[in-house]
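Student: Structure below; questions to follow.
Derivation of every value follows stated rules applied to the coordinates shown; laboratory data play no part. Keep in mind that this is a model prediction, so the values were computed, not measured. Neighbour counts run over all protein chains shown; Cβ positions are idealised from the backbone, glycine included.
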Amino acid sequence: MIEFITKIDFAVLEFIRNTLNSSFMDYIMPIITDFGSGGLLWIAVGVIMLCTEKYRRCGASVLIGLLLCLVLGNIILKPLIGRMRPCWINDSIDMLVRIPRDYSFPSGHTLAVFTTAFIIFGYSKKIGIPLVVLACLIGFSRMYLYVHYPTDVLGGIALAALIAWAVRKFVNGTVFSRMFRRFED
């Protein structure tokens, strides 16, 4: 089953390379992927929101969500699953970005940006919709740049949805709500 999924993953990656490869895409995809690098932008978004009265709960949710992304995605799942990256297996591809050293599943860029986008979407559709679009672009960039398989990206999106849902439940729960009421009064 895993071999079958990997064959489909490589077929999708080859389709992307064969149909969408252009000098414009080679230029823009590393820029887009940088929006997800290290999660610093999303941490800053969470901190800024935390400092505003209107978006305080949202900011706290984003920061909690990103912490869960780090722990579940990078610290637990990547080493546990140990999936080799496509660029490690097929080293004939001219890389446009530095080759990552950590394992492939789930895509950390995708996980962090979709978690942030889903959480913010739950508080503000106006801000959340553009973030979901950006998240889609970042997820796609990871495949275009040949550092992740489609299933890595899909796994990142699925885990992001689960984390966003759990964080909303937690932040809107009784204990956390009482704590925020103290700040809001």
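Student: For the residues 2, 64, 120, 93, what sequence is obtained by ranking on other C-beta atoms within 10 Å, fewest first?
Tutor: In increasing order of surrounding Cβ atoms, one gets 2, 93, 64, 120.
Student: Where in the range 101-138 does the amide nitrogen come within less than 19 Å of the point 7 Å from the Cα of residue 80, taken along Cα to Cβ?
Tutor: 102-112, 115
Student: Just to confirm the number: angle between the C-alpha axis of helix 2-20 and the first principal axis of the chain, 0 to 90 degrees, nearest 10?
Tutor: 80 degrees
Student: Would you mind calculating the relative contact order of the range 31-184 from Cα pairs under 8 angstrom and at least 6 residues apart, reporting the percent as a whole number? Present the calculation step by step, with values, prior to reporting the outcome.
Tutor: Details: 207 pairs, mean separation 42.7, N = 154.
Rounded, it is 28 percent for the range 31-184.
Student: Okay, moving on. Among 87, 58, which comes first, then next, by fewest other beta-carbon atoms within 10 Å? Each step should come with its number before you reach the end.
Tutor: Values: 87 19, 58 25.
Least to most surrounded, the residues fall as 87, 58.
Student: While we're on this one: In terms of the ratio Rg/(2.2 N^0.38 Å) built on C-alpha atoms, what value belongs to the chain? Could you put the intermediate results ahead of the total?
Tutor: Numbers: Rg = 17.5 Å, N = 185, 2.2 N^0.38 = 16.0 Å.
Ratio of Cα Rg to 2.2 N^0.38 Å: 1.10.
Student: Ok, one more. Tell me the mean residue ellipticity at 222 nm calculated for the chain from its helices only (DSSP H runs of n ≥ 4, each -39500 (n - 2.57), averaged over every residue, nearest 500).
Tutor: Numbers: 10 runs with 132 residues, N = 185.
Computed mean residue ellipticity for the chain: -22500 deg cm²/dmol.
Student: Sort 105, 114, 10, 140 so the one with the fewest other Cβ atoms within 10 Å of its own Cβ comes first.
Tutor: 10, 140, 105, 114
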